[in-house]
Amino acid sequence: MQGDGQLSTRIDASVPTAARMYDYYLGGRDNYAADRAACEQLDKVVPSTRRLALNNRRFLQRVVRTLAGEYGIRQFLDHGSGLPTQDNVHQVAQRLDESAHVVYVDNDPMVLVHGRALLQQDERTTVIHADLRETDAIFDHPDTRRLIDFSQPVAVLFNSVFHCIPDSDTDGPLAVARRVARRLVPGSYLVMCQLVSEDPEVRAFVTDFMDQATQGHWGRVREEKDVAELFEGLEILEPGLVEVSTWRPDSDVAPRQLTHEWIEFGGVGRVV
């Protein structure tokens, strides 16, 4: 793994990335033919993926609005933030309190370029180029230290990213979640969700497909029990760990995930 300044800054348009595929599903423009082709192939087996991506984005926005509006959080550290789109974390948080600080973290060089261009006029928000598994490098990065006061509560976001990293005793999702939680003061929050399926054939197909499409930059589709393990030791906010379109929906008629080949599953945990 490599930290800021050591990760490759070369954009390879021939190899799909999760960030650009997500951008395509959200209707963005920062993607290439390889990303679109990968999405089209994926849709043949898991046709609910676009709805899943849209619902996941709405979940992120509700979570930030809830933590800022109801729990008073003014600091956000967003791992695997992806490409800028509408209603990013800093925009949602700063609508509630313009003093809110946000640090975005991503290892995709395209995210770095577009993010820094978008945020160059905002002194309360930055993006750093780092691997989300490098907890110490991220927390100790000068830009993080400039914007985040870790003696105060922080919301750390791992929204739809843990499926991008493989299992490992030292750098898998569970190890990363534990390491981050240890560095946060009580009253901080961890937001975690990832792609899961209870169908072993779907898990196997999507994991193999994405691993090949991204040339090894992938982890795996997991099961709900794997996500639940991430929250051990945390106080889970209501309504618990759920398919994310059902996490505190804005209304009874808010969009729901109607098909379930795979889902985004997770929630919000409070550090106690």
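Mind telling me which of the residues Phe150, Phe76, Phe158, Phe139 ends up being modelled with pLDDT of 95 or more, crowded, with 18+ Cβ neighbours inside 10 Å, farther than 26 Å from Arg58 by Cα and not acidic (Asp, Glu)?
Checking each option against the conditions leaves just Phe139.
Between Gln75, Gln120, Gln94, which is more than 17 Å from Ser160 (Cα to Cα), without any contact (Cβ under 8 Å) to a residue 12 or more places away in the chain and not hydroxyl-bearing (Ser, Thr, Tyr)?
Only one candidate qualifies: Gln120.
When segment 89-104 is examined, which residues are found to be part of a helix (DSSP H, G or I) and either among the basic types (Lys, Arg) or under 22 Å from Asp131 (Cβ atoms) (or both)?
Val89, His90, Arg95
Quick one: count up the residues across segment 35-59 that are touching a helix residue (DSSP H, G or I) at 6+ places or on another chain (Cβ under 8 Å), outside any loop (DSSP other than H, G, I, E, B) and either of a type in the set (D, E, K, R) or more than 13 Å from Tyr22 (Cβ to Cβ) (or both).
8
A quick yes/no check of all residues on (1) acidic (Asp, Glu); (2) modelled with pLDDT under 90; (3) touching a Phe, Trp or Tyr at 6+ places or on another chain (Cβ under 6 Å):
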{"site": "Thr214", "(1), (2), (3)": "no, yes, no"}
{"site": "Arg220", "(1), (2), (3)": "no, no, no"}
{"site": "Asp226", "(1), (2), (3)": "yes, no, no"}
{"site": "Leu230", "(1), (2), (3)": "no, no, no"}
{"site": "Glu238", "(1), (2), (3)": "yes, no, no"}
{"site": "Val242", "(1), (2), (3)": "no, no, no"}
{"site": "Trp247", "(1), (2), (3)": "no, no, yes"}
{"site": "Thr259", "(1), (2), (3)": "no, yes, no"}
{"site": "Trp262", "(1), (2), (3)": "no, yes, no"}
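Filter segment 204-225 down to the residues that are surrounded by fewer than 20 Cβ atoms within 10 Å (Cβ to Cβ) and in contact (Cβ under 8 Å) with a residue 40 or more places away in the chain and list them by number.
Residues satisfying the conditions are Phe205, Phe209, Thr214, Gln215, His217, Glu224.
May I ask you to verify whether Arg179 is among the basic types (Lys, Arg) and either under 18 Å from Gln75 (Cα atoms) or under 13 Å from the mean Cα position of the chain (by Cα) (or both)? Before the answer, list the steps.
Working: among the basic types (Lys, Arg): yes; either under 18 Å from Gln75 (Cα atoms) or under 13 Å from the mean Cα position of the chain (by Cα) (or both): no.
Criteria not met by Arg179.
Taking the stated definitions as given, is Ser160 of a type in the set (S, T, N, Q) and either more than 21 Å from Ala19 (Cα to Cα) or in contact with a Gly (Cβ under 7 Å, 6 or more places away or on another chain) (or both)?
no
In segment 25-43, how many residues are of a type in the set (Phe, Trp, Tyr) and modelled with pLDDT of 85 or more?
Residues meeting the conditions: 1.
The values are calculated or read from the model by the stated rules, or taken from the named source; none is laboratory data. Predicted model, so just to flag it, every value in this text is computed and none were measured. When we count neighbours, we look across all protein chains shown, and the Cβ atoms used for this are built from the backbone with ideal geometry, even at glycine.
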